[in-house]
Amino acid sequence: MKNILIVVTNCNITPKNKPTGIWLEEYTIPYQLFTQAGFKIETTSIKGGAAPIDPRSNPTDEQSKQWAEAIQSLQSTTKLSTVNLNNYDAVFFPGGHGTMFDLPNNADINNTLQNFQENNKVIAAVCHGPACFVGATLKNGKSFLNERSVTGFTNEEEIAAEQEKNMPFLLEDELFKNGAIFIKKSEWSDHVEVDDNLITGQNPQSSKSIAEAIIKKLNN
């Protein structure tokens, strides 16, 4: 059995008092696919406890039924720093604008990324989830993203969503500043990049595809 560590945001409101959190489908769709693949899932966050859902991504009644187990798992997340990272085969960072505020430049996130990279284990993130790589370094001090091919929520998508002024930075620009080779497709395209053990997805539309890419990598 493969064990998946999922790390979600604790941030429920921006400094400009805009409600935020996890973009739900980026968590629930992979959660369902991992479960169907027979993987064991541990959901964590930096602070632990209940994880907020961005109200703009609230589920329909039908989705609430389909995603009931995944949604319930967000009510009580484990504190990331208490987890034994050696017990997991992959780490996955779903998005949501909340990730832009608590994942960058975080010691627990950096420790997690270093551990998984040192052991050549799968590291994956979708949409705004790649904010986890901002400020992250390898043990040799180099940027975690140095010359790595990644994707994530693009500048065009941020502007189309009318959120660019509410964010601390534009994710595409910041990943580029951190040394990434940023690869994007047109707005709202289903797009996943795989660079060895690093798997990234562009946006919510890529939720299913990134989960499938993670499953494929772990089953090889």
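The values are calculated or read from the model by the stated rules, or taken from the named source; none is laboratory data. Note that the structure is a prediction, hence the values are computed from the model and not measured. Every residue, glycine as well, gets a Cβ built from its backbone with ideal geometry; the counts of neighbours run over all protein chains shown.
In segment 2-19, what residues are assigned to a loop (DSSP other than H, G, I, E, B) and at negative phi? Scanning segment 2-19 gives Lys2, Thr9, Asn10, Cys11, Asn12, Thr14, Pro15, Lys16, Lys18.
Of the residues in segment 25-36, at least one is touching a Leu at 6+ places or on another chain (Cβ under 8 Å), aromatic (Phe, Trp, Tyr), surrounded by 24 or more Cβ atoms within 10 Å (Cβ to Cβ) and in a helix (DSSP H, G or I).
Residue count for segment 183-199, restricted to those that are hydrophobic (A, V, I, L, M, F, W, C) and surrounded by fewer than 19 Cβ atoms within 10 Å (Cβ to Cβ): 3.
Residues that are hydrophobic (A, V, I, L, M, F, W, C), assigned to a loop (DSSP other than H, G, I, E, B) and either in contact with an Asp or Glu (Cβ under 7 Å, 6 or more places away or on another chain) or under 17 Å from Asn203 (Cα atoms) (or both) within segment 37-58 comprise just one, Ile46.
When each of Val134, Val122 is tested for being at pLDDT 95 or above and closer than 24 Å to Cys11 by Cα, the lone residue that passes is Val134. Consider segment 126-176 and keep the residues that are of a type in the set (S, T, N, Q) and in contact with a strand residue (DSSP E or B) (Cβ under 7 Å, 6 or more places away or on another chain). The one that is surrounded by the most Cβ atoms within 10 Å (Cβ to Cβ) is Thr151.
Does Asn119 satisfy the condition of being surrounded by fewer than 18 Cβ atoms within 10 Å (Cβ to Cβ) and either in contact (Cβ under 8 Å) with a residue 40 or more places away in the chain or of a type in the set (S, T, N, Q) (or both)? Here the answer is yes, as Asn119 does meet what is asked. Just one of the numbered conditions (1) touching a strand residue (DSSP E or B) at 6+ places or on another chain (Cβ under 8 Å); (2) closer than 29 Å to Phe34 by Cβ; (3) not in a strand (DSSP E or B) is not true of Glu193: (3).
Within this structure, Phe39 fails the test of being closer than 24 Å to Leu171 by Cα and modelled with pLDDT of 95 or more.
Do we have Thr77 as under 26 Å from Gln205 (Cβ atoms), at pLDDT 95 or above and not aliphatic (A, V, I, L, M) here? Here the answer is yes, as Thr77 does meet what is asked. Note on segment 91-145: residues that are hydrophobic (A, V, I, L, M, F, W, C), over 15 Å from the mean Cα position of the chain (by Cα) and in a helix (DSSP H, G or I) total 1. Within segment 204-219, one or more residues are acidic (Asp, Glu), closer than 18 Å to Thr28 by Cα and not in a strand (DSSP E or B).
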